[in-house]
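Undergrad: The structure follows.
The values are calculated or read from the model by the stated rules, or taken from the named source; none is laboratory data. Just so you know, these numbers come straight off a predicted model, no measurement behind them. Every residue, glycine as well, gets a Cβ built from its backbone with ideal geometry; the counts of neighbours run over all protein chains shown. Just the protein is used for accessible areas: all its heavy atoms, side chains included, with ligands, DNA and RNA removed. Shrake-Rupley method; radii C 1.70, N 1.55, O 1.52, S 1.80 Å.
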Amino acid sequence: MEVNELRAALEAILFLSSDPVRVDDLAESLDESKETVSTALDEMKRNLDEHVGGFMLEQAAGGWRLTTRAEHDSILKKYFAKKGENRLSLAALETLAIVAYRQPITAPEVSDIRGVNSSSSIRTLLERRMIRVAGRKNVVGSPFLYRTTKDFLVHFGLNDIRDLPRLEEFGDLIGENINDDLVAAINAAPEPTGEGIIEESSSESAGSSGFLGGDEPRNSEEPRGTEELREGTTFEEQSPVTADETQLESPGTEANED
């Protein structure tokens with residue numbers, strides 16, 4: 001396939017794809033080598049960066065996608081009259097921050113850090129596919145453990161979980177101010193050790209949208225509470241958990257939520 005033809009085909013696929021597309025899938029579909037496709041993608045990215053237009057090419061969740069530029073966000077929101085639509089509440093964003101920086105974590109542990117019952121926010125995040133069940137903790141009651149998902153990475157434009165900023169800068173990523181007391185509470189919470197965890201299935205240990213175990217030292221620039229992901233980790237989708245499942249581990253009312 002000629003270079004220009006290859007680029008045109010890549011643009012067409014990426015334009016119509018709702019999710020990031022992996023190089024392996026592109027290469028297989030186009031009957032080209034991964035090296036050829038990667039080179040073409042890099043050249044496309046350089047061209048789009050040099051000739052600033054309405055689109056940019058970026059890596060997210062282990063694949064490539066075409067996306068609009070951040071500077072056009074306000075214009076697009078005004079045009080489509082969707083400003084504020086489908087936004088997560090501050091309570092849900094606080095809960096998501098706790099899961100992101102202290103995963104795997106249980107609902108009771110999230111509630112302890114926030115100081116309020118967080119089962120409602122957890123249900124919302126499950127329904128929005130921002131978090132998923134990753135197993136159970138081997139303690140009394142065997143509560144569910146939660147991790148972030150591939151959709152979380154896509155939503156916030158992260159290639160993998162190691163791209164998370166420092167916790168103190170998380171508010172800039174989500175566009176909301178995170179309470180300083182909550183930041184302090186998350187930082188003070190014990191980091192997960194991986195002990196006493198009952199994995200949901202063997203496939204999860206291969207790494208879907210969460211962390212792989214291991215005791216390798218973390219770079220000081222990486223967010224507290226994260227663990228190293230192996231390069232090239234494959235993310236797998238998982239259907240959301242029903243509301244009843246979250247209620248199993250967080251009995252009681254939710255009057256203090258939100």
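Undergrad: May I ask you to list the residues in the stretch 12-35 that are crowded, with 16+ Cβ neighbours inside 10 Å and farther than 23 Å from D160 by Cβ?
TA: Selection gives L30, E32.
Undergrad: A further question follows. So, L66, is that one modelled with pLDDT under 90, surrounded by 13 or more Cβ atoms within 10 Å (Cβ to Cβ) and within 24 Å of I13 (Cβ to Cβ) or not? Steps first, answer last, please.
TA: Details: modelled with pLDDT under 90: no; surrounded by 13 or more Cβ atoms within 10 Å (Cβ to Cβ): yes; within 24 Å of I13 (Cβ to Cβ): yes.
So L66 fails the test.
Undergrad: For the stretch 145-168, give me each residue that is in a loop (DSSP other than H, G, I, E, B) and of a type in the set (A, V, I, L, M).
TA: Keep residues of the stretch 145-168 that are in a loop (DSSP other than H, G, I, E, B), which gives 149, 156-160, 164-166.
Scanning the stretch 145-168 gives L158, L164.
Undergrad: Additional query: Restricting the stretch 169-188 to residues that are of a type in the set (D, E) and assigned to a helix (DSSP H, G or I), which is least open to solvent (accessible area, probe 1.4 Å)? Let's see the steps before the verdict.
TA: Filtering the stretch 169-188 for residues of a type in the set (D, E) gives 169, 172, 176, 180-181.
From the residues that got through so far, the ones that are assigned to a helix (DSSP H, G or I) too are 169, 172, 180-181.
Numbers: E169: 76, D172: 133, D180: 124, D181: 117 Å².
This residue is E169.
Undergrad: For the stretch 125-159, which residues satisfy the criterion of being polar (S, T, N, Q) and buried (at least 22 other Cβ atoms within 10 Å of the Cβ)? Explain how you work it out, then say what you get.
TA: If we filter the stretch 125-159 for residues that are polar (S, T, N, Q), which is where we start, we get 138, 142, 148-149, 159.
Of everything in the stretch 125-159, those that are polar (S, T, N, Q) and buried (at least 22 other Cβ atoms within 10 Å of the Cβ) turn out to be T148, T149.
Undergrad: Which of the residues that make up the stretch 82-111 are free of Cβ contacts under 8 Å to residues at least 40 places away in the same chain and open to solvent by 10 Å² or more (accessible area, probe 1.4 Å)? Don't jump to the end; show me each part of the working.
TA: So in the stretch 82-111, the residues free of Cβ contacts under 8 Å to residues at least 40 places away in the same chain come out as 82-87, 92, 95, 110.
Once the filter is applied, which keeps residues that are free of Cβ contacts under 8 Å to residues at least 40 places away in the same chain and open to solvent by 10 Å² or more (accessible area, probe 1.4 Å), the stretch 82-111 yields K82, K83, G84, E85, N86, R87.
Undergrad: Would you be able to say whether some residue in the stretch 88-96 is under 21 Å from N187 (Cβ atoms), polar (S, T, N, Q) and over 15 Å from the mean Cα position of the chain (by Cα)? Show your work before the answer.
TA: In the first step, residues of the stretch 88-96 are kept if they are under 21 Å from N187 (Cβ atoms); the result is 90-96.
Filter once more, so that each one left must be polar (S, T, N, Q): 95.
Adding the requirement that they be over 15 Å from the mean Cα position of the chain (by Cα) leaves none.
No, the conditions are met nowhere in the stretch 88-96.
Undergrad: In this structure, does E176 turn out to be touching a residue at least 60 places away in the same chain (Cβ under 8 Å) and in contact with a helix residue (DSSP H, G or I) (Cβ under 9 Å, 6 or more places away or on another chain)? Let's see the steps before the verdict.
TA: On the way: touching a residue at least 60 places away in the same chain (Cβ under 8 Å): yes; in contact with a helix residue (DSSP H, G or I) (Cβ under 9 Å, 6 or more places away or on another chain): yes.
Considered against the rule, which asks whether it is touching a residue at least 60 places away in the same chain (Cβ under 8 Å) and in contact with a helix residue (DSSP H, G or I) (Cβ under 9 Å, 6 or more places away or on another chain), E176 comes out as yes.
Undergrad: Okay, moving on. Where in the stretch 3-69 are the helices (runs of 4 or more DSSP H), entirely inside, with at least 3 residues that are free of Cβ contacts under 8 Å to residues at least 24 places away in the same chain and in contact with a strand residue (DSSP E or B) (Cβ under 6 Å, 6 or more places away or on another chain)? It would help to see each step written out before you state the result.
TA: On the way: elements: 3-16, 23-30, 34-50.
In the stretch 3-69, no matching helices (runs of 4 or more DSSP H) lie anywhere.
Undergrad: Next up: Which members of the stretch 36-59 meet the condition of being of a type in the set (V, I, T) and open to solvent by 50 Å² or more (accessible area, probe 1.4 Å)? So that I can check it myself, show each step before the final result.
TA: Our first condition is that a residue be of a type in the set (V, I, T); within the stretch 36-59, this holds for 36-37, 39, 52.
Answer for the stretch 36-59, where residues must be of a type in the set (V, I, T) and open to solvent by 50 Å² or more (accessible area, probe 1.4 Å): T36, T39, V52.
Undergrad: Which numbered condition in (1) hydroxyl-bearing (S, T, Y); (2) open to solvent by less than 30 Å² (accessible area, probe 1.4 Å); (3) within 19 Å of the chain's Cα centre (by Cα) is the only one that S119 fails?
TA: Every listed condition holds for S119 apart from (3).
Undergrad: Among (1) over 17 Å from the mean Cα position of the chain (by Cα); (2) within 23 Å of A61 (Cα to Cα); (3) in a loop (DSSP other than H, G, I, E, B), there is one condition S142 misses while meeting the rest; what is its number?
TA: S142 satisfies every listed condition except (2).
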